[in-house]
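Undergrad: Take this structure first; my questions come after.
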Amino acid sequence: MIELKGVTKTFGSTIALDNVSINIPEGKIIGILGPNGSGKSTLLKMLVGLNKPNHGNIFINGQQIGVQTKSFISYLPEIDYLYPWMTIQQAADFVKSFYEDWDENKYKELVEFLELQPSMVIKKVSKGMRAKAKLLLSFSRNAKLILLDEPLSGIDILTRDKIIETIIRDYRAGDQSILITTHEVREVEGILDEVIFIRRGQIALEGNVEELRYQRQASLVEIMKEVYTHETI
Ligand SMILES: Nc1ncnc2c1ncn2[C@@H]1O[C@H](COP(=O)(O)OP(=O)(O)OP(=O)(O)O)[C@@H](O)[C@H]1O
């Protein structure tokens with residue numbers, strides 16, 4: 001589904017992604033893991049056209065990044081992007097107006113499931129609630145590809161569990177793909193089909209989680225420690 005061919009992205013003298021070539025299969029939940037600054041967010045941003053490669057090409061379903069690919073991607077950025085003065089309902093109405101695949105029933109169900117209220121004003125709710133509101137907007141669409149950049153970052157354990165439950169709640173395996181960047185490897189280990197470890201802008205290891213665990217007789221956390229032996233995670 002996603003194909004990167006010799007992709008390099010630099011910011012001045014910093015090489016964020018270094019000649020990356022990879023095929024990311026369709027219909028799976030894929031973890032993009034790695035220490036701070038390894039290039040995870042840069043990779044996701046390139047898939048929605050926020051960052052452009054200096055070299056190389058990216059294809060999604062055989063198409064270059066553009067209006068067509070953006071129509072079936074739901075992207076949850078790491079930053080707090082919601083307008084603080086809006087209510088959750090106003091934020092939802094705003095997002096809804098951009099996308100044909102908005103699913104009002106799903107939105108209503110998720111509001112309940114996430115214990116949110118449409119009348120809540122974004123600036124008045126806690127960080128965890130804002131994280132849940134971002135997730136609500138991303139998952140109220142029937143998008144074919146969902147990109148989640150650090151959805152668990154800085155969130156307490158109970159809210160993290162709720163976010164993970166939401167990710168897998170309506171997930172249509174085989175038909176939908178979810179890419180998730182995170183440092184919370186323990187928490188996501190159970191839901192990942194595939195994993196891509198990034199180290200200093202390069203792919204350090206990738207594969208099917210079950211197979212990697214079986215081959216190495218180790219958990220994903222242990223495999224990660226092995227991959228990044230001399231680095232701070
Ligand atoms: N807009 C930018 N301008 C300058 N440098 C940038 C920019 N975006 C990313 N970088 C640099 O590119 C490298 C990769 O950054 P990126 O945000 O992709 O890492 P990451 O793996 O997502 O890190 P984290 O886990 O901390 O979010 C880092 O060295 C970062 O400082």
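Where a number appears in this text, it was derived from the coordinates with a stated rule and is not lab data. Quantities reported herein were computed from a predicted structural model and do not represent experimental measurements. Note that each Cβ is placed from the backbone with ideal geometry, even for glycine, and that neighbours are counted across all protein chains shown.
Undergrad: Please verify whether segment 170-180 includes one or more residues that are touching a residue at least 24 places away in the same chain (Cβ under 8 Å), surrounded by 17 or more Cβ atoms within 10 Å (Cβ to Cβ) and over 15 Å from the mean Cα position of the chain (by Cα).
TA: No, segment 170-180 has no match at all.
Undergrad: Now a separate question. Based on this model, can you work out whether Pro77 counts as within 15 Å of the ligand (Cβ to nearest atom), within 15 Å of the chain's Cα centre (by Cα) and crowded, with 16+ Cβ neighbours inside 10 Å?
TA: yes
Undergrad: Now for a different question. Starting from residues that are more than 23 Å from Lys225 (Cβ to Cβ) and of a type in the set (S, T, N, Q), keep the ones in segment 16-52 and report whichever is nearest to the ligand (Cβ to nearest atom).
TA: Among those that are more than 23 Å from Lys225 (Cβ to Cβ) and of a type in the set (S, T, N, Q), it is Thr42.
Undergrad: Quick one: which helices (runs of 4 or more DSSP H) lie wholly within segment 140-233 and hold at least 3 residues that are among the aliphatic types (A, V, I, L, M) and away from the ligand (no atom under 16 Å from the Cβ)?
TA: 157-169, 220-227
Undergrad: Please verify whether Lys9 is assigned to a strand (DSSP E or B) and either surrounded by 17 or more Cβ atoms within 10 Å (Cβ to Cβ) or without any contact (Cβ under 8 Å) to a residue 12 or more places away in the chain (or both), treating the condition exactly as stated.
TA: Here the answer is yes, as Lys9 does meet what is asked.
Undergrad: Now for a different question. If you go through segment 92-105 one residue at a time, do you hit one that is of a type in the set (Phe, Trp, Tyr), surrounded by 13 or more Cβ atoms within 10 Å (Cβ to Cβ) and within 22 Å of Ile167 (Cβ to Cβ)?
TA: Yes.
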